[in-house]
Every structure is written in C-alpha cells, then in structure tokens.
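Shown next, in structure tokens, is the structure this report addresses.
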Amino acid sequence: MGDAVQIDKNLFHDRLSAFLTRWKNDKRSGDVLFGGVSSIVIIMGKSDEAGSFHKTGAMQLWLLGYEFPATLMLLTTEKCIFVTTKKKAAYLETLKGGKVDIEILVRGGRDALDENTKQMERCAEIIKNAGKKVGILQKVVAAGPFVDEWNKAYDGVKSGLEEVDIAAALSAAALASKDSRELKYIRDASKATSGLMKDFLVEEMSDILDEEKKISHKTLSDKIMNKIDDNKYFTGTLKMAADFDPAQLDWAYPPTIMSGGNYDVKLNTQPDEKNLHAGVIIASLGFKYNSYASLCSRTFLIDPNKSQESSYKALVAAHDVAIAAVKEGTTAKAVYEKALAALKAKKPELEKHFTKNIGWGIGLENKDATLILGPKNDRVLSDGMTFTICTGIENVDNPNPQDKRSNSYSMLLSDTVRVSPEAPIVFTKSAGYDLDSVVFTFKDEEEEKPEKKQKPRAAAVSSQNVTKSRTRGERVTNQDAEKEAARREHQKELHGKKQAQGLERYGKGTGSLNGTDEKKFKTFDSYKRDNQFPSRVKDMIICVDARASSIVVPVFGRPVPFHINTIKNASRTDEGEFTYLRINFLSPGQGVGRKDGDQPFEDPNTHFVRSLTFRSKDTDRMEDIMVQIMDLKKQSIRKEQEKKQMEDVVEQDKIIEARGGGQGQRRMDQVFLRPGLEGKRLPGSITIQQNGLQYLHPTGQKVDVLFSNVKHLFFQPCDHELIVILHVHLINPILIGKKKTKDVQFYKEATANAFDETGSRKRKHRNGDEDEFEQEQQERRERARHNKDMKAFAERITDAGRSENLSVDIPFRELGFNGVPQRSSVLVQPTTDCLVQLTEPPFTVVTLSEIEVVHLERVQFGLKNFDMVLVMRDFQRQPIHINTIPVEALDGVKDWLDSVDIPYSEGPLNLNWFTIMKTVTADPHTFFVDGGWSFLAADSDDEDGSDEESEESAFEVSDEEIANLSEESSEDDSDFDDDASADEGSADDDMSDEGEDWDEMEKKAAKSDREGGDAEDTGRKGKKK
C-alpha cells in the first residue's frame, strides 16, 4: 500500500451511516435481516488473503476503497472501532469527525505485546457488553498471527455469546445494491470484457481454426490474458470512456478456453494443455475495474449438427428468459424456475443436463454466495443489484459425433446484468450470442455431399443459354414474389406471437381497461367564516367576489354565497322597464351537454336549486354582473384545464454542476432551443453537468434536462437539412417557460451567410462560376464541421449519462418516407429504437418497443397515397396516424416493419379507430379470444376482400371523421404553436381514384371560362340599364 492512499471520508461516512441505519431499522422491525446481533466483527488476516474476494475484503473495499490486511473492524449500532498497525492507522485518522463515531486502536511492535493484548481484550469486552448475539462471517477463514491473537482474546467471552452468520445481512444492507459510482465501474469492466471477447478472442480463435493451427487451450488463454497490458487497445480499439484508466483493470475471471469434450461449466478449472478442437468451444473471461467484477461466457459452434444447434437454441431461449426475469421484486428462485421452464418447453430432454443454478450476484465479490439464482433461494431482487446470468447444459450426448472428441458436449452462456424496476440492463450485450455470432462453418458443403458426376451428352440447345424464366422482367417478378412470400411468412409468425402474447397478457378475468375510477364529488368552500364576506354584501346586492371565486346573492334578506363551480351559466333578458338576470346552477338530470352528464353529485336524490332570477331597473348593472359571472366562470374553467394539463409534469431535481477540467469540451455555444423561450430568438449555450444538461439563454433563462428523465437521445446531421439537431425525448414532460413539452431540441444553423464580392479585386481575376463553386465548397466544409462537433458533443453526453444508460441514436435517412404525422408533410425516419420526425415542430417520436401492431390504410390500386396507423401496446393511448404516404414508399415501409419484427396488416379503407380501441379496452380478453388483430390481416390475406368488407363495416370511418381522428395522431403532448391549424387530413387524395384524362379536363375548363365570361358580360349590361 503506497503513500498515495486517499480514503474518501464523505463516501465512507455516507455508506457506513446508511448501513447502521438499516441495522437499526431491522431491530425495530423484528430482526429479520441481522438476526438480532448487537455487534459485528470483520477481521482480515495476513496480506496473502487480500484479493481473494471474500466478504471481509469486499466490506473494506466498499467502505475504504482499499484492503487493509491484519486489521480488525468492530461495529456496533453507534460506533466503529479499528484495530490496526501504525502505518494503516495514519490513513484511517482522516475518517474521524464524521457522521459516525470512529475509534482507532494502534498496535505496537514486538515490544508492546501487553498493550496489544489489552486492545484485543477491550474489543472482546465491548462485544460482551453490547449484547448476547455477535455477527461474524462463519464461512470466511482468516489466518495469521494477528488473527490468532484475536481468537485468544475472543475465546474468553465466546462461551456467553451466540454467533450469527452475518453474510446475508452484509450483502443486503451494503454490497448487493450498487450506487451510480459502483454501477459505472461494473459497466466499464463489462464493456472491456465483452469488447475483448468480441473483437479479439473471436478473431484469434477463428484464425486458428481457419488456418488449422495446433494450439493448446492454455496457450490461447495466456495470449488473451496478456492483452490486459495493451493500454492502447482499450483506449483506442474498444473506445472506452475518456476517464477510463487501464491501470485499474485486472482479471476477475482469467480467460478460460474449453473444447473437445472436456468442459467445466462452473469455471473452477484452469485451461489445460490439450489442443483447441473444432467442435463446441466454450470461452469465458471477466475483468474487474476498480475492484468491481464482470463476467462474459460464450459457446461457439464449429460446423455443428442439427442436434447441437437445437440444443443451443433451447439454451438461448432459457438465457433470454432468465435475463428478462431479473426485475425488481422478483425472487431468485422465480428466475431459475422461469429459465428451466423455457428450456423444457424447447427441449425437455435437456432438463437433467441443466445447471443447478443460473447465476449469482457480482460486484466487489466475484460470486456472492447469498445471491445464488437457484431453486432454493427466496432472496428478493432489488433495483441496483448486479448479477452474472450463467445458464448452461453439461455432458450432453452427441447423437452424431463428428469425431472421437465430440461424443459429448457442454454449452455455457454468461452475461453481466443490472436489476432495474423495468427491463433489466445487460452490460455485456455487445458480445452477441445469436446463431449468426457463434456458428462458424469451415467445411465446404459440396465436399460433404459430393454430387455424382454424369457423363456429358450432346444437347440440341446449349443449356447455358436457357434460363428458368423467359424474360428479364419475369425473373425480377419471380424475385419480388419470393421476397413477398418470405415477408408474408414472417408476418404470419409475428401475428401468431402477438396473438399468443395477448392471450397471456390478458387472461381470463382481466376485465375492462377503461378503469373503474369515477369522478369524485368535490366540495368547494367559498368562505370559512362570515367575516370573510365582502363588505358590499350589507347593501343586499349581488356581489361577484373574484378573490373567493364566488357570487354572493341576497336571498330572503340574507347574503348567500355560491361558488363559481356550482354555477352553469348566467343570462339576461329585458321585459319592459325591468331587466331579469337568471343564474343557472348545475344539477342532476339536466342532460344538456356531454360534460354535464358526467358531473358527480354527493346525493343526486336531494333537492336542488336549478336557477335564481333577479329583477332590476338598472340594465347596465345587470349586464355588468352577468359579464363578471361569465368571466369568472371562464377563468375557473381555464384554471382547471391548466391544472389537469400539468398533472404529469414532475418536479425535477436540481442540476449538479460538474467541476474539474474539460469545461470547454462540456460546453457548446451558438445553440438554439426548441420550443423557444419567451423573448427575442437568440442562440444560447448548452453545458453538460454532472447529472444532466443545462441550456443558458442570453437573457439569463435556464432550461435543465436531467439524465434520469431522458428516454431517447437523437443526433440528426445536417445532410440535406438546414440545421444540425441534438434532440432529447423525455420520460416525463417539463415546463419550458409556460409550455409543457416532452421534447427538447438543441440545434445549430448549418448554412453560412452568403456574401457578394462584386466589384472587388478578387472578383476581377475569376471566371465563370468560381465564386459560386467556392461558396458551395465552403458550405460543405461548414456542414461537415457542424456534424462533427454536434456528434462529438452527443457522445460526450452519453459518457456523462452512462449511469442512466444513455445512448445516442441517429435516424436512417435512406429508410425514411414522407408523410403527415401532425400538420404538414415531412420526412419520417426510422432509428434503431424509434420512428421520428425531428425537423418541424410538433415533433414525432414513437418508441418501436411500445408498438403493438401497424395497419396500412387505403392500400388499393389507383390511389397515390396510403396511411399508416400505429397501435400502441398501451391500449389507453390513441393510435398514432401518419397520413398521405406516397404509394412508392409502400414496399420500403413493409420491409422496414418486417425487419424490426413489427406485425403489420393492410386494407383498402380507413377504419374508425375510436370504435376499435373502445372495443379492445372494454374487454381485452374477449378481444384476443375472438382472434385479436386478425380482423386487420384479413384484407392482407384475401385479394378480393369482398367477404371481409361486410364484417368490418362497423369499423369503417366516414370522410368527415378522418380529420377528427388525425388530431389524435401525436404520441406526445408537446405543443409548440397553440394557434396552429389542425391536420387537414388526406381526404383530397381520394379524388384521384376516378380522375379524368387531360383532354376532357381542358374541354370542361374552356367551357367554364366561356360561361364565366358570358355571366360577367351579363352583369355589366345589367348595371348599364
């Protein structure tokens, strides 16, 4: 331990105080976790125990950041005592004066044996006085003179104590759930692990097998192990984070290569001297970064047979299910049971070969024995835990062995995964384990099945000149037909899966999704006490009190207040010399409007006052009162609407300012914001802070975007556009000024200001279009520079937001298509995870994983456009419409939907989606039992569709309803222009179905012109007369 040891005092006290608080709370709630212990002893012996990854070392690393050999740590609920040597005590002195009381007992040398013994005896006495139960680590065996001295002192009080194994409590209260710093270390370790597996190990292994080299498992493992010393590989090739320090990288699981029938899926053996065998190869390795471990294992299949491929597919299915089951609130036992069930469903005979557990907790310990994912562990998983999901099958007989070393095989898959409230996060996912990633074929299929040679014979026509199809056009048609058939088959499979998922998701007894929450009766208090009445009520006149949102009227000589929310409206009529003011109140049974029918009442059967009428000769006074009442009513309604609109706006945490160097790299200037802030449109600056982004406007206004609230991050280059975009799509909306939005966009203008050098000296020496050419070149350079700067800034944002698993997504312009998702025709572009339109507000961002099915409407011969309807997995959300897509994009849209595994259907008509979704949400179980979305696919399967048309008539929509439906086509509630017109729809495109030719149209136009001219002349003659 060098002189550079610096213990983080704040981190130590934060973690220790949290641990002690958890301990105290457990005492109050029945000693479920800590077993009623009053003291805890954690002791590490001689220095060769360091690095062995038991809980003693893990606790020291968790609290101190270092391992301290020959050190005793004694914990009570109020105090922490260290017993250690003088040098290590000097490092620990900095911990004094924090949240927890710290005492350090410094051991002397050989001449201070008596003093050392007294220190140990004092600690033993503290344990005895604290209580009858002491927590120890029973399975951790410490050794050395220091431990022997402690055992001697402890034996004096041991007889009166009950020892409790504290391993599970240390795991639950300290080590299992990781904070953001710990998760970052595990993520970096996992990235290095999976990167080395994918980019180095696989390449080395494939070269060896391709060139048929003879190399032992140990030699290959050593070659991979030595790669840890290549710092440039990690900082350059793997593109680790800027703050990644290769010096902190070490091996948690040294590389292990196994093949040729000798396998150990428990990873307990060292690589042997046998040569690598081209069959089933298991490779496993794992780095630790800043002492936090990771693991990644893959099975590679070299020229596998059908049985081996089917076994691997079954293992992959179990592995995927195990990863998906790692969620907050799930038990370890349930994860194992789900994985086993998935394996049995795919290949039941592999059950007896399945591993006894499928993973364990990982972090400061390579393997947390209290977090084994096995059939007997009832431990509940919580957010922040990290696991190694390790599924395997072992000693499976090979029915068709390729050679003597292939009589049996084993398979293993391991990934490092984080538990989260929603979907688990796989840190090692970059090393793929699908069949395309792990199957290698080196044998030529023609060599395996040589064709029988036939004697050539004369032919009347050369066979090379005869093709299967007669013309080139027919050959293209055949290719398109094959492509369409493959797409239909895949879609049929996707629709079948979606139907099965629907039945599983909405089982019998699910009931309506519309909810049972009814509108609750609200009470409104105008005044708490009579002295709060306006002073004018003593005159027995009608008073409109805007401050109390009430109207006070005289009834039988007394002022009676009515809250504005109890009033429906007010009206005024004149009869003779009197003016009558009628105030109408809300009451049950009116049934005038749709909103009135939903009005709740505390007891609808009681007597209600429906209206009050007042008469006065002062017409102006009555008019003024009516205007005041209606204005107050409008104000009340507006407040309710604003309150309802802001219900999903969450209060954000404060931005934590990032300190240290690199301020220039974390800041970008001359950036515009959408939606814009109030005031003049000026560019501001955006800065990457510790927990989010902060935009600063020149007027001093700030907009904060927290990384924890970011759902998607997009970078759209300025190719074919006027701006380069950095777009943030949020989980929860925020307020920018007075506007609620879920989309925040930062952009820079990519076009440089044009200039004219007419008459200048430079102009005189140029010919032709040199100026224009130079300006184009300058604009290209500016665009390239803007793209480079914005993309680099986006990558720095992802580095800063790694704790929230941020990643930047780029739209695929080549897959884009024009359509009308909101108000105008724009280019809609797919990304890896979304379908977006980021160029014009209001923006469109649809997450692909949230889409249930897609239906293409108005797909029929003769129409130039079609519409796309995206039905969301959350049936409470209205489907999203993208209208007026050119029919030329139809095949591209289908190919893209098929490639991202989204089931789609098509039909010739627009459907009434309001009615459809109402039917689905009313009883989703019955909906899926009756076939689910199969009614949409009916037109896709039948060319004529005549039989289906009558069945779907209930869902057909009229032209008048298209515009109304299009208003609900936005996924988000972002509103950038309250005065903008609604979507015009695409009904005009239907007129092109039965268009006339040009000659007929010209004749009609000429005729109408003549008739118009005659009418105009007639009008002039009439005026003259």
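The values are calculated or read from the model by the stated rules, or taken from the named source; none is laboratory data. Owing to the predicted nature of the structure, the values given are computational and were not obtained by experimental measurement. FYI the Cβ positions are ideal-geometry reconstructions off the backbone, even for glycines, and counts take in every protein chain you see. SASA here: full protein model, heavy atoms, side chains in, ligands and nucleic acids out. Shrake-Rupley method; radii C 1.70, N 1.55, O 1.52, S 1.80 Å.
Based on Cα contacts under 8 Å between residues 6+ apart, the range 180-440 shows a relative contact order of 22 percent.
3J(HN,Hα) couplings calculated from phi for the range 18-34 with the Karplus curve 6.51 cos²θ - 1.76 cosθ + 1.60 (θ = phi - 60°) are, in sequence order, 5, 5, 5, 5, 4, 5, 5, 4, 5, 4, 6, 9, x, 6, 6, 8, 8 Hz; Gly and Pro show x. Which distance in Å, rounded to a whole number, links the C-alpha centroids of the range 818-869 and the range 273-337? Here the two parts' Cα centres lie 38 Å apart. Between Lys634 and Glu651, the contour length at 0.36 nm per residue exceeds the Cα-Cα span by 3.3 nm.
Checking the cross-link pairs Lys346/Lys498; Lys184/Lys429; Lys191/Lys333; Lys232/Lys274; Lys306/Lys404; Lys568/Lys639 against a 21 Å limit on the alpha carbon distance flags Lys191/Lys333; Lys232/Lys274 as lying beyond it. Using r as the Cβ-Cβ distance of Arg615 and Asp539, and R0 as 22 Å, what FRET efficiency do you calculate, to the nearest 0.05? For Arg615 and Asp539, the calculated efficiency is 0.85.
Label point of Asn262 set 7 angstrom out along Cα-Cβ; within the range 388-405, amide nitrogens under 15 Å from it belong to 405.
The slack between Ser849 and Lys213, meaning 0.36 nm per residue of separation minus the straight C-alpha distance, is 224.5 nm. Take the Cα of Asn805, step 7 Å toward its Cβ, do the same at Thr237, and the gap between the two points is 2.8 nm. Taking 17 Å as the cut-off, the amide N atoms of the range 287-328 that come nearer than this to a point 7 Å along the Cα-to-beta-carbon line of Asp901 belong to 313-326.
At an R0 of 25 angstrom, the distance between the Cβ atoms of Asp229 and Ser437 translates into a FRET efficiency of 0.40. Apolar share of the accessible surface for the range 180-440: 47 percent from carbon plus sulfur atoms, 1.4 Å probe.
In the range 811-939, the portion of solvent-accessible area held by carbon and sulfur atoms comes to 54 percent [1.4 Å probe, whole percent, DNA, RNA and ligands not counted].
Rolling a 1.4 angstrom probe over the protein heavy atoms with all chains in place gives the range 811-939 an accessible area of 34 Å² per residue. The DSSP beta bridges internal to the range 9-174 are antiparallel in roughly 45% of cases. Modelled spin labels at Glu489 and Lys404, positioned 7 Å past Cα toward Cβ, are 4.2 nm from each other.
Spacing of the modelled spin labels on Gln270 and Thr832, each 7 Å from Cα toward Cβ, amounts to 4.0 nm.
Placing a label point 7 Å from the Cα of Arg181 along the Cα-to-Cβ direction, the residues of the range 86-122 whose backbone N falls under 15 Å from that point are 95, 99. Estimated at 0.36 nm per residue, the fully extended path between Asp111 and Ala90 surpasses their Cα-Cα distance by 5.5 nm.
According to the calculation over all Cα-Cα pairs in the range 811-939, the P(r) per 5 Å bin from zero is 2, 10, 20, 25, 21, 13, 7, 2, 0 %.
So if we plug the beta-carbon distance of Ser571 and Ala546 into 1/(1 + (r/R0)^6) with R0 = 35 Å, what FRET efficiency do we get, rounded to 0.05? The pair Ser571/Ala546 has a calculated efficiency of 0.95. A 1.4 Å probe run over the protein chains yields, for the range 273-430, 36 Å² of accessible area per residue, whole-number rounding. Report, in listed order, any pair from Lys313/Lys492; Lys27/Lys152; Lys118/Lys152; Lys711/Lys894; Lys338/Lys376 with a Cα-Cα distance greater than 23 Å. In this structure, Lys27/Lys152; Lys711/Lys894 exceed 23 Å between Cα atoms.
When you restrict to C-alpha pairs under 8 Å that are six or more residues apart and normalise by the size of the range 811-939, the relative contact order lands at 21 percent.
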